[in-house]
Amino acid sequence: IAATQPSTNWHLKENARDHHTSKFSSRELIVRRGQAFIVTFNGTEQPEQNLTFIAETGPKPSKLAKTQATFGISSTVSKESWSAVLQSTSSNSVSISISSPPNAVIGRYKLSVQSTSSGSSSPASLGTFVLLFNPWSSGDDVFMPNKAECEEYVLEEFGIIFAGNKNHINSFGWNFGQFQGDILSICLSMLDRSLNYRQDPATDVSHRNDPKYVGRVLSAMVNANDDRGVLLGNWSGNYEGGKSPSSWTGSGEILQNWKKSGFKPVRYGQCWVFAAVLTTVLRCLGIPTRTITNFSSAHDADGNLRVDEFYDASGNHLDRAADSIWNFHVWNESWFSRSDLGPSYNGWQVLDATPQEESGGIYQCGPASRNAIKEGDVDLDYDCPFVFAEVNADCMYWNYDPATGKKTLIFSKSTVIGQFISTKAVGRDDRVDVTNDYKYEEGSTKERDIFKKARKKLGLEDKFDPTAPTPQEIDQKPDISGRFKVAGPLEVGKDLSLILVLANLQSDAKTVRVNMTAWSTVYTRRPVHEIWKDSISVTLSPKE
């Protein structure tokens, strides 16, 4: 007798309402782990106690890897494993409530049913469904007790991103669009295109129960480096052959373009675009996520928690060090627990998809526990030293003479990096300042102690660093101070009026030659064009 194919009613509306997935525009069932959903099917002539269900995901489903589960009908829900509880039966149909464990692998599943009494009959497929992380379920690693935060960080499709610089913070809207069309399928295919999946598909899928793993893999996949991921970065100021990073207004178009082109990297992204796309993908999969903007953000390329900037005698910026200070940088925070580190490191975790430095041989960053950053625990996984430097590095400005190779410290500052760290408020379009969640008050003894602790953990306190400024260099006071003030309004297309204020700090007269240059830059302060230079000589009487 040929087995008849059962027809399945997935109760899409009711299940979606219960699982906070109503915003997805899908004809496929989308549910969250650790929570029951209802399925009704007919075409089984067997008594229901003889039914066995099989839920499986990935290319090589296995019980050992927790990518396959077989379970019969039981009277109660199991917390540890998949289970099915009978809801109702009629002459030819059965309604079942199926529950997955709160640590189930996420992704697309195939559900089949088999009747145990008829011996060797092969399982009949009921169809497919998608299982996501569940921030509403207390057993889940991504559990977020505050419901308003769940709404904002998982279900909200529109956001505000902050940019500009510390003196002029501006903001713009972004359409995350995590529930549009086939975005969920694109997000799942991102996981299937990762380097980890290509190397060992079965093992990769078995790790998809872990938000730490999923977040780290996706921080690599959102940039195109290493893995032909979603977005190609471009900070040159020339965006031919693609779209200028500042012209994007939402993630949907970027993700759709990636898929339509046969998964060729989309041109071009800069930090906020990488962060916004990662927000979309993680919210889509059910991990609470937000964008964070750090003003005066350090890019410490050599891991010494110091940013060195070099200038020649004319005041031109020299490209001698890979370190830099960005006017702003945007990254992500995702909310989950850190069973690998311990409960005090639970909560917000920093992820960064902008390709800045390699981690484990590829361009990925995080998750770094925000609490670990604040406490200077830079020896913890993942990439804490880099994130710590972004908000805490000390800045050294050097005068460098290419002819002799001699460098002189112009001045150093320990309080300029990591200011006005910003994110959008929950349920409102306001800016919320989270700087105090990243570090103790700037200039306080506690903040300096944490900085020393971090240096010590990285072994920087003990070894002699020939490039470091000497205590004498740091303490030496300059003879002359100078700074530019803006006179009049700053308007695009209008001339800039600047006033240079010079002060003689010594008690004898000084004659100085002042060299000035101005460059246009991108927001990472990478110089693009020299636009002006001038020099003047001035005599200043004592203390004038």
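Scanning the range 305-332 for residues that are farther than 16 Å from Trp398 by Cα and not aliphatic (A, V, I, L, M) yields a total of 6.
Against the definition (surrounded by fewer than 24 Cβ atoms within 10 Å (Cβ to Cβ) and either more than 30 Å from Gln178 (Cα to Cα) or assigned by the TED database to the domain that holds Thr354 (or both)), how does Gly269 come out, yes or no?
Here the answer is no, as Gly269 does not meet what is asked.
The set of residues in the range 181-196 that are open to solvent by 10 Å² or more (accessible area, probe 1.4 Å) and either free of Cβ contacts under 8 Å to residues at least 12 places away in the same chain or β-branched (Val, Ile, Thr) (or both) comprises Ser185, Asp192.
Within the range 308-322, does at least one residue satisfy the condition of being within 30 Å of Arg33 (Cα to Cα) and touching a residue at least 40 places away in the same chain (Cβ under 8 Å)? No - not one qualifying residue is present in the range 308-322.
So, Thr423, is that one out of contact with any strand residue (DSSP E or B) (no Cβ under 6 Å at 6 or more places or on another chain) and hydroxyl-bearing (Ser, Thr, Tyr) or not? So Thr423 fails the test. Looking only at residues of the range 60-76 that are in contact (Cβ under 8 Å) with a residue 60 or more places away in the chain and in contact with an Asp or Glu (Cβ under 9 Å, 6 or more places away or on another chain), we find that the one that is nearest to Leu131 (Cα to Cα) is Thr67. Considering only the range 225-252, state which residues are among the aromatic types (Phe, Trp, Tyr) and either within 14 Å of Ala275 (Cβ to Cβ) or not in a loop (DSSP other than H, G, I, E, B) (or both). Hit for the range 225-252 is Trp248, nothing else. Contact map, the range 285-298: residues that are on the phi > 0 side of the Ramachandran plot paired with residues that are open to solvent by less than 10 Å² (accessible area, probe 1.4 Å) and not hydrophobic (A, V, I, L, M, F, W, C), Cβ distance under 7 Å, separation 6+ or inter-chain. Pairs shown: Gly286/Arg32; Gly286/Asn134; Gly286/Pro135; Ser296/Gly418. The helices (runs of 4 or more DSSP H) found entirely in the range 350-465 that carry 1 or more residues being over 28 Å from the mean Cα position of the chain (by Cα) are 445-457.
Number of residues in the range 228-241 that are more than 17 Å from the chain's Cα centre (by Cα) and either aromatic (Phe, Trp, Tyr) or surrounded by 16 or more Cβ atoms within 10 Å (Cβ to Cβ) (or both) equals 3.
Run down Arg320, Arg338 and say which single residue is closer than 30 Å to Pro102 by Cβ and either among the charged types (D, E, K, R) or assigned to a loop (DSSP other than H, G, I, E, B) (or both).
On the way: Arg320 fails: closer than 30 Å to Pro102 by Cβ.
From the options Arg320, Arg338, the qualifying one is Arg338.
Within the range 452-461, not a single residue is within 19 Å of Gly164 (Cβ to Cβ) and open to solvent by 50 Å² or more (accessible area, probe 1.4 Å).
Listed here are the residues, each with its yes/no results for (1) modelled with pLDDT of 90 or more; (2) hydroxyl-bearing (Ser, Thr, Tyr); (3) outside the structural domain of Asp312 (by the TED database).
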site	(1), (2), (3)
Thr470	no, yes, yes
Ala487	yes, no, yes
Ser507	yes, yes, yes
Arg525	no, no, yes
Trp532	yes, no, yes
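Among residues of the range 403-422 being open to solvent by less than 30 Å² (accessible area, probe 1.4 Å) and in contact with a Phe, Trp or Tyr (Cβ under 8 Å, 6 or more places away or on another chain), the one that is nearest to Asn392 (Cα to Cα) is Gly418. Taken over the range 113-129, the residue count meeting the criterion of being at pLDDT 90 or above and within 17 Å of Ser74 (Cβ to Cβ) is 2. Restricting the range 33-51 to residues that are in a strand (DSSP E or B) and either open to solvent by 40 Å² or more (accessible area, probe 1.4 Å) or at pLDDT 95 or above (or both) leaves a set whose member that is nearest to Ser122 (Cα to Cα) is Asn42. Counting the residues of the range 72-112 that are at pLDDT 95 or above and closer than 30 Å to Met190 by Cα gives 18.
Residues satisfying the criterion are absent from the range 489-510 (criterion: outside any loop (DSSP other than H, G, I, E, B) and open to solvent by 100 Å² or more (accessible area, probe 1.4 Å)). Applying the selection to the range 466-488, what residues are outside any strand (DSSP E or B) and basic (Lys, Arg)? Across the range 466-488, the qualifying residue is only Lys477.
Within the range 78-111, restricting attention to residues that are crowded, with 18+ Cβ neighbours inside 10 Å and without any contact (Cβ under 8 Å) to a residue 60 or more places away in the chain, the residue that is nearest to Pro201 (Cα to Cα) is Tyr109.
For the residues Arg483, Arg448, Arg525, Arg513, the requirement of being touching a residue at least 60 places away in the same chain (Cβ under 8 Å) and either under 30 Å from Asp323 (Cα atoms) or open to solvent by 70 Å² or more (accessible area, probe 1.4 Å) (or both) singles out Arg525. Answer yes if at least one residue in the range 347-356 is farther than 28 Å from Ile410 by Cβ and surrounded by fewer than 22 Cβ atoms within 10 Å (Cβ to Cβ), and no otherwise. Yes. Restricting attention to the range 372-416, which residues are farther than 14 Å from Glu309 by Cβ and without any contact (Cβ under 8 Å) to a residue 60 or more places away in the chain? Across the range 372-416, the qualifying residues are Ala372, Leu380, Asp381, Asp383, Cys384, Val387, Ala403, Thr404, Gly405, Lys406, Ser414, Thr415. Among the residues of the range 199-224, not one is touching a helix residue (DSSP H, G or I) at 6+ places or on another chain (Cβ under 6 Å), part of a helix (DSSP H, G or I) and open to solvent by 40 Å² or more (accessible area, probe 1.4 Å).
The values are calculated or read from the model by the stated rules, or taken from the named source; none is laboratory data. Just so it is clear, the model here is predicted, and its values are computed rather than measured. Methodologically, a virtual Cβ is constructed for each residue, glycine included, from the backbone with ideal geometry; neighbour enumeration extends over all protein chains shown. Heads up: the accessible areas ignore ligands, DNA and RNA and are worked out on the full protein's heavy atoms, side chains in. Shrake-Rupley method; radii C 1.70, N 1.55, O 1.52, S 1.80 Å.
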